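Below: one structure, written as structure tokens.
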Amino acid sequence: SDDTPEVLNRALSNLSSRWKNWWVRGILTLAMITFFFIIIYLGPMVLMTIVMCVQIKCFHEIITIGYNVYHSYDLPWFRTLSWYFLLCVNYFFYGETVTDYFFTLVQREEPLRILSKYHRFISFALYLTGFCMFVLSLVKKHYRLQFYMFGWTHVTLLIIVTQSHLIIHNLFEGMIWFIVPISCVICNDIMAYMFGFFFGRTPLIKLSPKKTWEGFIGGFFATVLFGLLLSYVMSGYRCFTCPVEFNNDTNSFTVDCEPSELFQLQEYNIPLVLQSVLGWKTVRMYPFQIHSIALSTFASLIGPFGGFFASGFKRAFKIKDFANTIPGHGGIMDRFDCQYLMATFVNVYIASFIRGPNPSKLIQQFLTLRPDQQLHIFNTLKAHLVDKGLL
């Protein structure tokens, strides 16, 4: 069915279906980008809330597909258990995140300290309760179908909740690690569509017949250039580069810090091959811009495979879109299929090449120890520094 708003249908009634779809996608893309800018302006806590809402909607879309495809209308407790498992997994992941990033806040509040101490046991007990409820819900005529849906729910949790949890981790490292990767995926999606629409002739992959090599290559170069420019602009603002931390003095979350070396301008020598072409010997840029090349390259070359995977999934179950939430675009999952793959890459990239020991986090943990434990660590550290000749 045509889910395009009636206003757009009337305004674009004289256009061919190809150009009508182009304008509908374009107008709603601009609307979504505007909304994206608004939530960025509202800060990291609002962004985290939006990620949670997107996660819940994507989970709902995939669970609904399974519900309809397998005709599991008569299964006892199926929907209740699906949402219960979503709640359990979120409780586990977000509890781990809060304890890791906001240790002082957790230790200061008695209820949070108790929940943190027994967090994994509580999480396991919650999951075990759902597992027992599933076993008790098994009925003779639906054994196979019930286990199908049990597996469907868990695979959906693995794909959706785990990846959204990694997105939150990236956000806490600094908004730039959240905004640049997501923007690169959006840019690649738009530019690949534009290049494919105007210049596309050669099919790229059978799973997505409308994807072309021209769009794929054009999107790659446009995204790398976009990533360099966006990184240059954002690296100059502390609100984007500083990690999210809890300030005990103000009892609030802050994003203010002394910028690390990643976000301080450095001078780089241009390769001799390019010097004659550009006429420059050196260039001043932020080290993060070099990392942005890796991020934008992944978004352009590997990120689309998340979309191809989603296309194969939809073809397997003979559906056009995950839902009809956004006219011209499909469901929320149709727009975030590449983002989840990107989130995992960014998290792995930060852990492998960026993140080192965090002195402030270690000090926070030391301050919560007993005095005798603090004294033991102090003496051990002092002896180590004396042996090194630093004291």
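The values are calculated or read from the model by the stated rules, or taken from the named source; none is laboratory data. If you're wondering where the values come from, they're calculated on a predicted model, not measured in any experiment. In this analysis, Cβ positions are derived from the backbone assuming ideal geometry, glycine residues included, and neighbour counts consider all displayed protein chains. In case anyone asks, the SASA skips ligands and DNA or RNA and just uses the protein heavy atoms, side chains included. Shrake-Rupley method; radii C 1.70, N 1.55, O 1.52, S 1.80 Å.
What the table below lists for this structure:
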| quantity | calculated |
| --- | --- |
| Dipole magnitude (debye, nearest 20) for the stretch 36-146, charges at Cβ of Lys, Arg, Asp, Glu | 360 debye |
| Choice from V54, V283, V224 showing the highest fluctuation, given a GNM over the chain with Cα pairs closer than 10 Å | V283 |
| Span-rule helices in the chain, defined as complete DSSP H runs reaching 15 Å or more along the axis (Cα) with Kyte mean at least 0.0 | 17-42, 44-69, 78-101, 119-137, 143-172, 175-199, 213-234, 287-301, 304-316, 332-349 |
| Extension gain from V139 to V348, taking 0.36 nm per residue of separation minus the Cα-Cα distance | 71.0 nm |
| Cα-projected label distance for I293 with L30, points at 7 Å along beta-carbon direction, nm | 3.4 nm |
| Assigned charges on the beta-carbon of Lys, Arg, Asp, Glu; the stretch 273-346 dipole about Cα centre (debye) | 100 debye |
| Farthest toward positive dipole pole in the chain [+1 Lys/Arg, -1 Asp/Glu at C-beta], among A125, I186, G200 | G200 |
| Unit charges on C-beta of K, R, D, E only; dipole of the chain, Debye | 1160 debye |
| Those chymotrypsin sites (Phe, Trp or Tyr not before Pro) in the stretch 305-391 that DSSP places in a loop and that have at most 15 other beta carbons within 10 Å | F317 |
| Interchain or long-range residues, amide H under 5 Å from K211's placed H | L204, I205 |
| Neighbour cut-off at most 13 other Cβ (10 Å), DSSP loop, trypsin sites (Lys or Arg not before Pro), the stretch 291-361 | K318, K320, R355 |
| Volume of the Cα convex hull of the chain, divided per residue and given in Å³ | 206 Å³ |
| Solvent accessible area, Å² - M32, 1.4 Å probe, full protein context | 60 Å² |
| Partners for K210 among lysines (Cα-Cα distance below 28 Å; same-chain residues under 8 apart left out) | K20, K57, K314, K318, K320 |
| Residue among S276, S252, S260 with the largest mean-square fluctuation in a Gaussian network model of the chain, springs linking Cα atoms under 10 Å | S276 |
| Overall form of the stretch 275-391 per C-alpha gyration tensor (a/c, 1.5; a/b vs b/c) | oblate |
| Among L158, L265, L278: highest mean-square fluctuation, GNM of the chain, C-alpha pairs under 10 Å | L278 |
| Probe 1.4 Å, all protein chains present, accessible-area order of W22, W280, W83, largest first | W280, W83, W22 |
| For the chain: relative contact order, % (alpha-carbon pairs under 8 angstrom, 6 or more apart) | 19 percent |
| Cysteines having no other Cys beta carbon under 4.7 Å from their own, within the chain | C53, C58, C88, C132, C184, C187, C239, C338 |
| Helix-only CD estimate at 222 nm, as mean residue ellipticity for the chain, using -39500 (n - 2.57) per DSSP H run (n ≥ 4) | -23500 deg cm²/dmol |
| Solvent-accessible surface (1.4 angstrom probe) belonging to W77, in square angstrom, nearest 10 | 120 Å² |
